[in-house]
Amino acid sequence: MEAATGEGFFARFLAQLAAPGIQQATDGDTVHLIDVITGSAATLTRAADGGTVRQAGPLRLWDAIEAAWDAWDQADRPGPEAFRMRIADGRQTIGHPTEPGLSFTLP
């Protein structure tokens, strides 16, 4: 995950939007993501070559997070002020008005 900066905070916020049921635990150079709803898990072990990701369960947690970060990068990393929250028909979404890859439905 990114450093303790404003951009790093927002990157972690995007990760939580992409995989809203996750909890994170860190053990040295290993980050564990566990979806408490589905039981899905992802483990990222950092290394000099970038690291290794292992995923299990019905949801591909790391794939979802990586897709959100890729969409954010392709949109030139817009800040939180560019996003909108919408509540309609019993659903809540947070998204960027012009970037469909940056739209998330909240549970």
Inset, instruction - Say whether the condition of being assigned to a loop (DSSP other than H, G, I, E, B) and among the β-branched types (V, I, T) is met by at least one residue in the range 37-52. - result: yes
Legend entry - Meets criteria (surrounded by 13 or more Cβ atoms within 10 Å (Cβ to Cβ) and modelled with pLDDT under 95) for Q16: yes
Inset, instruction - Please list, ordered by first then second residue, the pairs with beta carbon atoms under 6 Å, 6 or more apart or interchain, first in the range 65-93 and closer than 20 Å to D35 by Cβ, second assigned to a loop (DSSP other than H, G, I, E, B) and of a type in the set (A, V, I, L, M). - result: I65/A19
Inset, instruction - Give me the pairs, please: first residue somewhere in the range 1-30 and in a strand (DSSP E or B), second residue anywhere and of a type in the set (S, T, Y), beta-carbon distance under 6 Å, and either six or more positions apart or on two chains. - result: T30/T45
Inset, instruction - Just need a number here: residues in the range 97-107 that are surrounded by 15 or more Cβ atoms within 10 Å (Cβ to Cβ) and in contact with a helix residue (DSSP H, G or I) (Cβ under 6 Å, 6 or more places away or on another chain). - result: 2
Inset, instruction - Could you run through the range 73-103 and say how many residues are touching a strand residue (DSSP E or B) at 6+ places or on another chain (Cβ under 7 Å), over 13 Å from F10 (Cβ atoms) and not in a loop (DSSP other than H, G, I, E, B)? - result: 8
Inset, instruction - Show the residue pairs that are 6+ apart or on different chains and have beta-carbon atoms under 7 Å apart, the first residue being within the range 52-64 and over 11 Å from H32 (Cα atoms), the second being part of a loop (DSSP other than H, G, I, E, B) and of a type in the set (G, A, S). - result: A56/S40; G57/G39; G57/S40; P58/S40; L59/S40; A64/A19
Inset, instruction - Would you be able to tell me the number of residues in the range 53-66 that are outside any strand (DSSP E or B) and farther than 30 Å from E81 by Cα? - result: 2
Inset, instruction - Provide a single number: the residues in the range 68-84 that are surrounded by fewer than 10 Cβ atoms within 10 Å (Cβ to Cβ) and either over 17 Å from the mean Cα position of the chain (by Cα) or of a type in the set (K, R) (or both). - result: 1
Inset, instruction - State all residues of the range 31-46 that are without any contact (Cβ under 8 Å) to a residue 60 or more places away in the chain and hydrophobic (A, V, I, L, M, F, W, C); if no residue qualifies, say none. - result: V31, L33, I34, V36, A41, A42, L44
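The values are calculated or read from the model by the stated rules, or taken from the named source; none is laboratory data. It should be emphasised that the depicted structure is a prediction, and the values quoted were computed from it without experimental measurement. For neighbour counting, all protein chains shown are included, and Cβ atoms are generated from backbone atoms with ideal geometry for every residue, glycine included.
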